[in-house]
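**Q** The structure that follows is given in the form of structure tokens.
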Amino acid sequence: MSQDSIPVERRLLLESISDYLAQLGEEGLEGIPFEAPPADARAAAAHAEPFVPAPSAAPARHHQPVAEAGPELFSIYPGLEKTRTLEELRQFIGDCKRCKLAASRTNLVFGVGNPQAELMFVGEGPGADEDERGEPFVGRAGQLLTDIIERGMRMRRREVYICNVVKCRPPGNRNPEPDEVAACEPFLMRQIDLVRPKIIVGLGTFAVQSLLKVKTPISKLRGRWQEVRGIRMMPTFHPAYLLRNPGDKRLVWADIQEVMKALGKEIPSRKS
Ligand code: URA
């Protein structure tokens, strides 16, 4: 049956079921009965397949900017607005006990990279490897992010800035809870203000929904420019999702190409 012969209501229903399943898949629910390749293919892709840019480029689609958080965001932590460098911000955060994640973390994972980066990546929160090492995106998903930056964008990882919505690992890699996000949000906003990148890339459902304060699935948001604290933000899929769904790397590459265009960078051809 062709797409056109499906009644419109049914097509919309199928699309919204498909979005919902994609979102559940991205959030790590196992057993989604479509798209995900077999486990052995996923494992092979995770270990053997580096990020190789796909040739297709999606057209640029621009969206309405989303309202920013105002200065009252900092009022829960008096003095935060006075921090002038990332080091001062890190000192301000200190041995943080402001939310319940502190009890189970090994290291607070603040962020790494160039304090004057043009490009900032924001993920969800540290996993086990990051908690262990105190650095964001150093596990398998981190290796893929590094590939995207270094092999895809032809930039060095140390040129960009990388951080997360929450700075401490949620136990068992569960999603951060609203009170935990609220406790950490002023720190992320200050980090954004201090780095002042040209472009932010929001990685995955959770980071993008937290940055934009929306519940829209990432499958609807990805590839569409947004705005966070006056900075253009490109939502895309999380590298951990790509490990499970390597077929969607071409969509991430399309998003990354938009980012490169916005940064005035040459887009490498696939083979060069
Ligand atoms: N996933 C994230 O969102 N952040 C990390 O630092 C690692 C994995």
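A short reminder: the numbers here are calculations on the coordinates, not readings from a lab. Keep in mind that this is a model prediction, so the values were computed, not measured. Neighbour counts run over all protein chains shown; Cβ positions are idealised from the backbone, glycine included.
**Q** Please work out how much length the chain gains when fully extended from residue 75 to residue 216, using 0.36 nm per residue of separation minus the C-alpha to C-alpha distance, in nm with one decimal.
**A** The residue 75-residue 216 span can extend by a further 48.0 nm.
**Q** Turning to a different aspect of this structure: What per residue convex hull volume, in Å³, comes out for the range 122-272 when only alpha-carbon positions are used?
**A** Hull volume over Cα atoms, normalised by residue count, gives 111 Å³.
**Q** Figure the gain on full extension for residue 128 and residue 95 (residue separation times 0.36 nm, minus the Cα-Cα span) and round it to one decimal in nm.
**A** Net length gain for the segment: 10.0 nm.
**Q** Where q = 0.15, 0.18 Å⁻¹, what log10 of I(q)/I(0) comes from the Debye formula for the range 100-187, counting one point per Cα?
**A** Scattering profile of the range 100-187, log10 relative to I(0): -0.53, -0.74.
**Q** Calculate the length of the line joining the C-alpha centroid of the range 136-209 to that of the range 77-107, in whole Å.
**A** 16
**Q** Between residue 158 and residue 269, what's the calculated FRET efficiency when r is the beta-carbon distance and R0 is 30 Å? Round to 0.05.
**A** Rounded to the nearest 0.05, the efficiency is 0.75.
**Q** With the alpha-carbon atoms as the only input, what is the per residue convex hull volume for the range 142-207 in Å³?
**A** Hull volume normalised by residue count: 104 Å³.
**Q** For the range 102-114, what does the Karplus curve 6.51 cos²θ - 1.76 cosθ + 1.60, with θ = phi - 60°, yield as ³J(HN,Hα) per residue in whole Hz, taken in order and with x for Gly and Pro?
**A** In residue order, the calculated couplings are 4, 4, 10, 7, 8, 10, 6, 9, 6, x, 9, x, 6 Hz.
**Q** How compact and how long is the range 210-272, expressed as Rg and Dmax of its alpha-carbon atoms in Å?
**A** 12.8, 39
**Q** Among residues other than residue 150 whose Cβ falls under 13 Å from its Cβ, what is the net charge (Lys/Arg +1, Asp/Glu -1)?
**A** +3
**Q** With each pseudo-label sitting 7 Å past Cα toward Cβ, what's the residue 250-residue 140 distance in nm, one decimal?
**A** In this crude spin-label approximation the distance works out to 2.4 nm.
**Q** Please tell me which of these pairs span more than 19 angstrom C-alpha to C-alpha: 198/265; 100/167; 215/261; 198/261?
**A** In this structure, 215/261 lie more than 19 Å apart at Cα.
**Q** Taking the alpha carbon gyration tensor of the range 198-238, what are the square roots of 5 times its eigenvalues, largest first, to the nearest whole Å?
**A** Each semi-axis is √(5λ); the values are 14, 10, 8 Å.
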